[in-house]
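The values are calculated or read from the model by the stated rules, or taken from the named source; none is laboratory data. Small disclaimer: the values here were computed from a predicted structure and weren't measured. Note that each Cβ is placed from the backbone with ideal geometry, even for glycine, and that neighbours are counted across all protein chains shown. For accessibility, only protein heavy atoms count, side chains too; no ligands or nucleic acids. Shrake-Rupley method; radii C 1.70, N 1.55, O 1.52, S 1.80 Å.
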Amino acid sequence: MTAVEAYVAPTSLEQALDCLSSSDEVTILAGGTDLMPQCQTGRVSLRRTLMNIRRIDELKGITLQGDTLRVGALVTITELMRSDLARRHLPVLVEACDHFASDQIRNVATVGGNISNASPAGDTLVPLLALDAEVELASGGGGAVTRRRVPIAEYFAAPGRTRRAANELLVSVRIAVPPAGHHARFFKFGTRPALDISAISIAIAGVRADGALTGVRVAFGAVAPTPIRAVNTEQALEGARLDESTIARAAALARDEVAPIDDLRASAWYRRELIHNMTQRMLEDAAQT
């Protein structure tokens, strides 16, 4: 394992990007709630430079910019839960945060860290998929900053891997304010739904009118190598009246769209059955609400 030779704590985005552009041997530290346990178990090795980004103000805060909510990468899960803007516009994301680990971890864990960890079971990732979120990345050096945005549905490459380049820093998450009539719910199943890693998680979203959903988004976690959108299920629901036949067909499609594994938390068969049954219940709730 490489020994850490330098510790840096930049106070500006430009300083952080200078560090990343000068070396590919940089480990980024924010809350550390994923990084530190992974280092202790040997899953991750710290690189030569450890960069603590907690002092960069641009990565903090939740703001409304026009019709888009910008959530800084350093926003903690607790801050997101307590945000009036998030509660008003993104209740499904707040609902997911309420199932996120313990109070102590929520106080430190960051939204950017949860995304960057890229766990198939990451609690915020599934509702962010259902909300069509984008991640904002920055790169540069010598005071120059280049930014790009990537739809979160395209951001995850594999378990623990994203499409962020080594010289880039995750700056924020951007989410369009949902329109009137937007319905979104989150479900997580585990032995202890908050403290445990999920066996499955589901988010369903869409604009509800005349007994149907439009702009449908269905996302699943812990049932594939990355969090996924269930495109076939979305198509079956789009504009269709939420009657018994539509719900049954969508739930069956959902079960066929996932590719879970057997592990200590659940068998693949059980995960598929959970996806089927809970998708059906969530759609029945949407039809009756």
Nearest 10, in degrees from 0 to 90: the angle of helix 13-22 to the longest Cα principal axis of the chain is 70
Rounded to the angstrom and largest first, Cα extents along the principal axes for segment 242-289 equal 35, 18, 10
Simple SL model, points at 7 angstrom along Cα→Cβ for SER102 and VAL231; separation in nm is 4.2
Computed over segment 75-204, the relative contact order (Cα-Cα under 8 Å, seq sep at least six) in percent reads 28
Cβ-Cβ cut-off under 11 Å around ILE77, Lys and Arg +1, Asp and Glu -1: the net charge is -2
Counting only protein heavy atoms and rolling a 1.4 Å probe, one gets per residue an accessible area for the chain in Å² of 46
Measuring from the longest principal axis of the C-alpha atoms of the chain, the long axis of helix 268-288 (C-alpha) lies at a number of degrees, nearest 10, equal to 70
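Give the Rg/Rh ratio for the chain, taking Rg as the radius of gyration of the Cα atoms and Rh as the Kirkwood radius, to two decimals.
Working: Rg = 19.3 Å, Rh = 19.6 Å.
Result for the chain is an Rg/Rh of 0.99.
Before anything else, pin down the relative contact order of segment 150-289: Cα pairs under 8 Å, at least 6 apart, normalised by residue count, whole percent. Present the calculation step by step, with values, prior to reporting the outcome.
On the way: 211 pairs, mean separation 25.6, N = 140.
Reported relative contact order: 18 percent.
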